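The values are calculated or read from the model by the stated rules, or taken from the named source; none is laboratory data. What you see is a predicted model; the values in this text were computed from it and never measured. Counting neighbours? That spans all protein chains shown, and the Cβs are built from the backbone with ideal geometry, glycine included. To get the accessible areas, we keep the full protein, side chains included, count just its heavy atoms, and leave off ligands, DNA and RNA. Shrake-Rupley method; radii C 1.70, N 1.55, O 1.52, S 1.80 Å.
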Amino acid sequence: MVGLALALNAGLASAAYRLNFQPPVTRIASEIYDLHMLMMYVILVIFCVVFGVMFYSIYAHRKSVGHKAEQFHENTTVEIIWTVIPFVILIGMAWPATKTLIAFKDTSNPDLTIKATGYQWKWGYDYIKGEGEGIAFLSNLATPQDQIHNQKPKGENYLLEVDNPLVVPVDKKVRILTTANDVIHSFWVPAFGIKQDAIPGFVRDTWFKADKEGTYRGQCAELCGKDHGFMPIVVEVVSAEKYTQWVAEQKKKSAAAAEDPNKQWTMAELQTKGEKVYAANCAACHQPTGKGLPPAFPALDGSKVATGDKSVHIDTVLNGKPGTAMAAFGKQLSDADIAAVITYERNAWGNKTGDAVQPAEVKAARK
Amino acid sequence: MSAVIDTPGHGHADQDDHAYHPSGLMRWVTTTNHKDIGTMYLWFSFTMLLIGGVLALTIRSELFEPGMQIVNPEFFNQLTTMHGIIMVFGAIMPAFVGFANWQIPLMIGAPDMAFARMNNWSFWLLPVAASLLVISFFVPGGAPAAGWTLYAPLSTQMGPGMDLGIFALHIMGASSIMGSINIITTILNMRAPGMTLMKMPMFVWTWLITAYLLIAVMPVLAGAITMVLADRHFGTSFFNAAGGGDPVMFQHIFWFFGHPEVYIMILPAFGIISQVIPAFARKPLFGYASMVYATSSIAILSFIVWAHHMFTVVMPTAGLLFFMYATMLIAVPTGVKVFNWLATMWKGSMTFETPMLFAVGFLFVFTMGGFTGLMLAIMPVDVQLQDTYYVVAHFHYVLVAGSLFAIFAGTYFWIPKWTGRMYDETLGKWHFWLSLVFFNITFFPMHFLGLAGMPRRIPDYAAQFTGFNEIATIGAFGFGLSQLLFLYIVLKCGPLGKGEKAPARPWEGADTLEWTHLPSPAPYHSFHDQPEVK
Ligand code: HEM
Ligand SMILES: [Cu+2]
């Protein structure tokens with residue numbers, strides 16, 4: 001059967017029935033690819049020898065063909081031989097594996113360092129060092145709900161598309177620091193040959209150096225709760241010039257977005273912005289209807305927090321609720337975002353408080 | 001499977017402590033007889049196999065196509081979690097304890113287990129634990145949904161279902177520890193005169209080693225889940241970085257239990273296969289002594305490889321290398337076992353009744369699971385495969401085609417001794433071929449899914465994975481339905497009492513005490529006078 005797999009592997013390249021790793025675009029990924037192929041060939045040979053012997057014996061040493069049982073039950077020489085041979089084969093496998101492992105762990109001297117933070121259920125990226133330093137954004141699943149619920153035909157990159165992809169330059173060593181905000185996630189891009197768990201409260205690292213421009217897709221690889229299957233990773237590898245251009249655009253955008261902290265927002269402005277923030281950050285749990293999914297994810301429609309004292313509401317969104325899935329959004333969202341989403345929640349569905357929360361109030365509450 | 005015929009005149013009619021037999025339900029509730037208890041273990045495990053199977057088929061139905069169709073993502077996570085917990089702790093482990101109860105006294109010539117009342121208690125804890133697991137589906141928030149591995153801090157986020165799950169695991173752990181104490185004591189103290197340790201049947205040896213593993217690691221699991229419980233309710237921060245704890249510590253503790261646990265589920269299977277193959281090859285087991293050493297070294301090595309489940313978590317290079325080499329090393333004694341079984345078949349005089357078919361099927365398919373294990377041991381390759389369907393394929397090759405096939409082999413092998421009836425050979429062969437074919441249809445494509453990049457534990461997937469998922473779902477239904485045939489075959493020679501009467505020794509090459517010294521079915525009380533072993 002392993003033989004069959006290999007044969008199919010060579011002949012069949014159709015994406016619908018892919019039989020092997022995705023085409024590697026980093027040195028580590030292609031070393032892994034080769035290691036896997038090497039192992040497959042060794043295993044295939046062992047497989048043929050071992051089961052060749054077994055099936056021959058099944059064929060020849062049957063009672064129905066009149067074979068009489070011999071009564072031997074020990075042979076020290078044979079036993080030593082078949083202990084030593086596997087041992088030697090293993091050493092042969094361990095050698096290239098060790099080399100790749102050591103290269104895999106070498107995160108020194110990166111050109112660019114990016115922190116990837118796992119949230120329930122999206123990724124956040126901070127460009128920490130190198131060109132683009134200071135850029136930070138969140139990356140959400142872009143596949144619409146109605147495709148997931150089979151009301152619309154599924155797009156080409158169903159479940160593997162995001163609103164803001166990670167952009168990196170080609171041929172540059174990129175070091176990824178991983179951490180998480182709530183539970184353990186895992187940052188995985190198959191074409192790069194990297195998978196690194198993102199652990200809340202700890203920072204770990206891995207690296208890649210992509211040698212081909214293109215869009216590469218991966219997924220969170222550690223069960224992280226309800227929407228574990230819905231937090232993809234998309235990396236765009238672009239030329240150095242395009243990257244510089246992209247960095248400039250991002251800087252411009254964030255300058256434009258840097259609102260005057262003391263600006264007074266109108267109710268309508270807050271609500272429109274708030275609805276967007278809600279859809280991207282809150283609706284996964286509290287649902288677009290505000291009805292939640294009790295008891296794990298409480299309703300906001302009519303809830304005490306969303307209709308009661310403003311300061312409690314602000315505190316909950318800023319700092320989360322320890323011991324529950326409610327994250328501390330203070331670290332992820334700007335003052336304006338938080339003010340807007342709180343205003344939205346206090347006036348959406350059946351909630352008719354009429355309260356507007358200004359960014360300045362959020363800023364004050366952060367202290 | 002209910003052999004209840006007491007043979008009078010077996011030389012103990014005067015022992016009135018044996019004379020009192022409640023009948024009906026109370027007989028089963030109060031029984032201290034190893035055969036009754038073995039039977040209950042086996043039926044319990046089969047029931048759990050069916051429940052776990054229904055959960056699995058629901059999972060496979062949802063995964064038949066991309067998009068969410070049948071369940072929502074939260075319930076999906078409950079299904080995968082409970083499928084794992086129920087199969088591991090409810091189906092596979094209790095089945096082997098059932099075999100131990102029936103077979104260890106019969107094979108070492110002992111009248112019963114050493115602690116007969118404790119034996120009753122170890123069994124009756126299980127239905128209690130199982131009920132807690134089932135109830136957890138109905139509490140607010142539903143059943144545990146953090147995976148059978150219960151990784152913190154996800155497991156500290158769950159609703160009260162998690163507490164029920166933790167409690168159930170505690171109870172099952174207590175049951176396993178009591179069972180193990182019983183098994184060790186029985187084996188070490190109650191062997192027939194003349195049966196030295198190195199004369200014990202291989203099945204007894206593997207269970208002796210397994211029982212030690214259980215005693216060593218079940219308390220470790222209990223510790224891990226107790227810490228989760230404390231983090232959940234008592235304000236501790238074992239696994240919470242904000243309070244000075246470390247989420248990774250949970251994984252170290254869990255896998256220090258978890259890796260020996262996978263050997264707990266395979267060593268008794270090795271034992272069964274080591275009884276079946278010689279019996280049908282009509283030839284003694286090849287390399288008995290090296291089998292004993294190989295099994296012991298697997299058990300010892302199993303304590304130093306746990307972090308191969310954590311290659312992508314975080315470790316210094318030296319740590320990664322150590323765990324990679326140690327894991328690769330385990331393949332050596334595992335290979336030795338396979339070679340020994342082949343050498344036992346070599347130049348034998350083989351026949352292929354159902355037990356032998358399942359044993360050969362085990363050899364063939366389990367070994368493929370060993371190969372993928374070796375692949376996963378190579379740390380850089382594992383980085384690509386960890387938490388993908390490749391791992392799902394690997395552990396189903398070793399646990400379904402390994403442990404479960406061995407359980408089937410053992411059931412067909414010993415059921416004549418248990419019930420006094422031969423099973424239906426034609427149906428048995430059908431059961432084997434259907435199971436083998438559908439097993440491979442279900443799980444072989446999962447290797448490709450994992451290689452191509454499909455993560456495990458996801459309720460919905462990208463369209464490129466559709467083809468193999470469809471095949472796997474079809475195979476799963478075939479495999480599930482084939483097990484109803486097994487139920488029918490067992491019912492027929494067990495409770496329904498149909499089928500040919502079994503002779504004392506239906507298998508020509510079987511030579512352990514239960515075949516040579518006891519009639520079929522084995523009398524309710526056997527070996528009151530212990531046989532002499534030469
Ligand atoms: C040659 C022997 C074996 C080797 C080298 C081996 C190696 C491995 C490795 C490295 C993993 C981790 C994969 C990952 O998560 O990335 C793994 C997973 C697993 N193995 Fe094995 N294995 C072997 C035999 C077995 C046997 C005999 C069993 C049980 C009967 C078993 C049961 C499992 C299970 C249940 C998991 C997955 C646990 C989980 O993540 O849920 N393995 N194995
Ligand atoms: Cu393991």
Residues located in segment B:391-418, provided they are open to solvent by 10 Å² or more (accessible area, probe 1.4 Å) and within 14 Å of chain A (Cβ to nearest Cβ): B:VAL391, B:VAL392, B:HIS394
For segment A:347-367, indicate whether the set of residues that are open to solvent by 40 Å² or more (accessible area, probe 1.4 Å), among the aromatic types (Phe, Trp, Tyr) and away from chain B (no Cβ under 14 Å) is non-empty. yes
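For (1) open to solvent by 20 Å² or more (accessible area, probe 1.4 Å); (2) assigned to a strand (DSSP E or B); (3) more than 14 Å from every other protein chain (Cβ to nearest Cβ), each residue gets a yes or a no:
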| position | (1), (2), (3) |
| --- | --- |
| A:PHE137 | yes, yes, yes |
| A:THR143 | no, no, no |
| A:ASP146 | yes, no, no |
| A:LYS154 | yes, no, no |
| A:TYR158 | no, no, no |
| A:ASN164 | yes, no, yes |
| A:VAL168 | no, yes, yes |
| A:ILE176 | no, yes, no |
| A:ASP182 | yes, no, no |
Does segment B:310-323 include one or more residues that are more than 10 Å from chain A (Cβ to nearest Cβ), out of contact with any Gly (no Cβ under 8 Å at 6 or more places or on another chain), under 27 Å from B:TYR288 (Cα atoms) and not aromatic (Phe, Trp, Tyr)? no
Counting only residues that are open to solvent by less than 40 Å² (accessible area, probe 1.4 Å), part of a helix (DSSP H, G or I) and either at the interface with chain A (Cβ under 9 Å from one of its Cβ atoms) or within 16 Å of ligand 2 (Cβ to nearest atom) (or both), how many does segment B:251-268 have? 12
What's the number of the only condition in (1) part of a helix (DSSP H, G or I); (2) buried (at least 23 other Cβ atoms within 10 Å of the Cβ); (3) facing another protein chain (nearest Cβ under 8 Å) that B:VAL336 fails to meet? (2)
Residue count, segment A:184-239, condition open to solvent by 20 Å² or more (accessible area, probe 1.4 Å), more than 7 Å from every other protein chain (Cβ to nearest Cβ) and within 27 Å of B:THR80 (Cβ to Cβ), comes to 1
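Okay, residues lined up against (1) buried (at least 23 other Cβ atoms within 10 Å of the Cβ); (2) more than 7 Å from chain A (Cβ to nearest Cβ); (3) under 16 Å from A:LEU160 (Cα atoms):
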site: B:MET454; (1), (2), (3): yes, yes, yes
site: B:ILE458; (1), (2), (3): yes, no, yes
site: B:LEU484; (1), (2), (3): no, yes, no
site: B:LEU487; (1), (2), (3): no, yes, no
Looking at B:GLY244, B:GLY271, B:GLY223, which one is at positive phi and either of a type in the set (Ser, Thr, Tyr) or away from ligand 2 (no atom under 16 Å from the Cβ) (or both)? B:GLY244
Single residue of segment B:297-332 satisfying the filter (closer than 15 Å to A:LYS195 by Cα and assigned to a helix (DSSP H, G or I)) that is most open to solvent (accessible area, probe 1.4 Å): B:HIS309
Unmet requirement for B:ILE330, which otherwise passes all of (1) touching a residue at least 24 places away in the same chain (Cβ under 8 Å); (2) within 13 Å of chain A (Cβ to nearest Cβ); (3) within 23 Å of A:MET54 (Cα to Cα); (4) more than 15 Å from ligand 2 (Cβ to nearest atom): (4)
B:ARG117 fails exactly one of the following numbered conditions: (1) basic (Lys, Arg); (2) under 20 Å from B:ALA174 (Cα atoms); (3) modelled with pLDDT of 95 or more. What is the number of that condition? (3)
Based on what the data block shows, is B:GLN103 among the polar types (S, T, N, Q) and closer than 20 Å to B:PHE413 by Cα? yes
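For every residue, the table says whether it meets (1) away from every other protein chain (no Cβ under 14 Å); (2) not small (Gly, Ala, Ser).
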| residue | (1), (2) |
| --- | --- |
| A:LYS251 | yes, yes |
| A:LEU293 | no, yes |
| A:PRO298 | no, yes |
| A:ALA306 | yes, no |
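So that you can scan it fast, the table gives a plain yes or no per residue for (1) in a loop (DSSP other than H, G, I, E, B); (2) basic (Lys, Arg):
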| position | (1), (2) |
| --- | --- |
| B:TYR412 | no, no |
| B:PRO416 | no, no |
| B:THR426 | no, no |
| B:LYS429 | no, yes |
| B:PHE432 | no, no |
| B:LEU436 | no, no |
| B:ASN440 | no, no |
| B:ILE458 | yes, no |
| B:THR466 | no, no |
Hey, any hits in segment B:371-388 for a residue that's more than 10 Å from chain A (Cβ to nearest Cβ), under 17 Å from the mean Cα position of the chain (by Cα), surrounded by fewer than 24 Cβ atoms within 10 Å (Cβ to Cβ) and in a helix (DSSP H, G or I)? no
When the residues of segment B:339-364 are narrowed to those that are within 22 Å of the chain's Cα centre (by Cα) and open to solvent by 10 Å² or more (accessible area, probe 1.4 Å), which ends up nearest to ligand 1 (Cβ to nearest atom)? B:PHE364
For segment A:330-344, enumerate the residues that are out of contact with any strand residue (DSSP E or B) (no Cβ under 9 Å at 6 or more places or on another chain) and open to solvent by 10 Å² or more (accessible area, probe 1.4 Å). A:GLY330, A:SER334, A:ASP335, A:ASP337, A:TYR344
For segment B:151-173, how many residues meet the condition of being more than 10 Å from chain A (Cβ to nearest Cβ), touching a residue at least 60 places away in the same chain (Cβ under 8 Å) and open to solvent by 20 Å² or more (accessible area, probe 1.4 Å)? 1
Tell me, please, whether a residue that is over 30 Å from B:THR512 (Cα atoms) and within 16 Å of ligand 1 (Cβ to nearest atom) can be found in segment B:258-279. yes
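Conditions (1) in contact (Cβ under 8 Å) with a residue 12 or more places away in the chain; (2) within 12 Å of ligand 1 (Cβ to nearest atom); (3) aliphatic (A, V, I, L, M), marked per residue:
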| position | (1), (2), (3) |
| --- | --- |
| B:VAL248 | yes, no, yes |
| B:GLN251 | yes, yes, no |
| B:PHE256 | yes, no, no |
| B:TYR288 | yes, no, no |
| B:ILE300 | no, no, yes |
Give the residues of segment B:381-425 that are over 30 Å from B:GLU353 (Cβ atoms) and of a type in the set (Val, Ile, Thr), sorted by residue number. B:VAL381, B:VAL383, B:THR388, B:VAL391, B:VAL392
Among A:VAL65, A:VAL53, which is more than 30 Å from B:THR295 (Cα to Cα) and open to solvent by 50 Å² or more (accessible area, probe 1.4 Å)? A:VAL65
